[in-house]
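Structure record follows, encoded as structure tokens.
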Amino acid sequence: MSSELPVPAARPLSIGPHEVWPPVVLAPMAGITNVGFRQLCREQGGGIYVCEMITTTALVERNPKTLRMIAFGADERPRSLQLYGVDPEITAAAVRIVVERDLADHIDLNFGCPVPKVTRKGGGSALPWRRRLFARIVRAAVAAAAPAGVPVTVKMRKGIDDEHLTYVEAGLAAQDAGVAAVALHGRTAAQRYSGTADWDAIATLKQELDVPVLGNGDIWEADDALRMVAHTGVDGVVVG
């Protein structure tokens, strides 16, 4: 692939008080993005390296395995943690644990999981279709994190399928709730990881929001990230 691509103006990605350069986020991956893997990635340069996804219920119940998963290297900054939950009160309780115990410097909320056993129950990438519940969860997380100055972001997909797209409305709702940034995977839940990521949808969301927008999907090498930024105008990319 040619490296002669239009290179966007260099600027750090701002996530609350954290300036991230280069503007690249490692997506959380179950069984993969542990301390050792993140260390290997960080040796290649800066960015945000998210630990494995943590379930809010398990955190609130002080599940030993879950607590062991929340591990960061001594020099990891910002420490980034992704939470998955479907209940506003439990999500808020989990966020309070994170901030009160100083477990992370940044919290991301997962609304992008396309696994059928999750979406069939209305969770993951299906949850933004439940508009009021989605807004309540995000508001609860932001409110619980605010006293400690910990920024909250969300990661989501275009919608359940092409007939049930939610990304613009959900992005605006998340922005209104006070998130620091929104990440969009340019596929629906029904697509899972098939087909081609819709970078035009990512560009649309970037045009609609004032907070930073990150793009995700079909970034296989560095040139792909540059092409996505040039095509969509996003403030950063998420690689998984």
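Quick notes on this structure:
- Solvent-accessible area, 1.4 Å probe, carbon plus sulfur percent, for region 139-240: 50
- All alpha carbon pair distances within region 178-219 were sorted into 5 Å bins beginning at 0; the resulting P(r) in whole percents reads 6, 25, 29, 21, 13, 6, 0.
- Calculated FRET efficiency, Leu133 to Asn63, Cβ-Cβ distance, R0 = 22 Å: about 0.40 to the nearest 0.05.
- 15 Å beta-carbon shell around Val50, net charge (K/R +1, D/E -1): +1
- Using just its DSSP H runs of length 4 or more, each adding -39500 (n - 2.57), the chain gives a mean residue ellipticity at 222 nm of -10000 deg cm²/dmol after division by all residues.
- Dividing the mean sequence gap of close Cα pairs (under 8 Å, 6+ apart) by how many residues the chain holds gives a relative contact order of 18 percent.
- Across region 106-240, the mean sequence separation of Cα contacts (distance under 8 Å, 6 or more residues apart), normalised by length, yields a relative contact order of 21 percent.
- Using a probe of 1.4 angstrom and keeping all protein chains present, the accessible surface of region 1-115 works out to 50 square angstrom per residue.
- Across region 140-207, the mean sequence separation of Cα contacts (distance under 8 Å, 6 or more residues apart), normalised by length, yields a relative contact order of 33 percent.
- When only alpha carbons of the chain are considered, Rg and Dmax amount to 16.6, 52 Å.
- Each peptide in 157-166, 29-38 was scored by the mean count of other Cβ atoms within 10 Å over its residues; highest first, the order is 157-166, 29-38.
- The count of lysine pairs in the chain with alpha-carbon distances below 22 Å, taking only pairs 8 or more places apart or on different chains, stands at 7.
The values are calculated or read from the model by the stated rules, or taken from the named source; none is laboratory data. Treat the numbers as computed from the prediction; the structure is a model and nothing was measured. Every residue, glycine as well, gets a Cβ built from its backbone with ideal geometry; the counts of neighbours run over all protein chains shown. Only protein heavy atoms, including side chains, enter the accessible area calculation; ligands, DNA and RNA are left aside. Shrake-Rupley method; radii C 1.70, N 1.55, O 1.52, S 1.80 Å.
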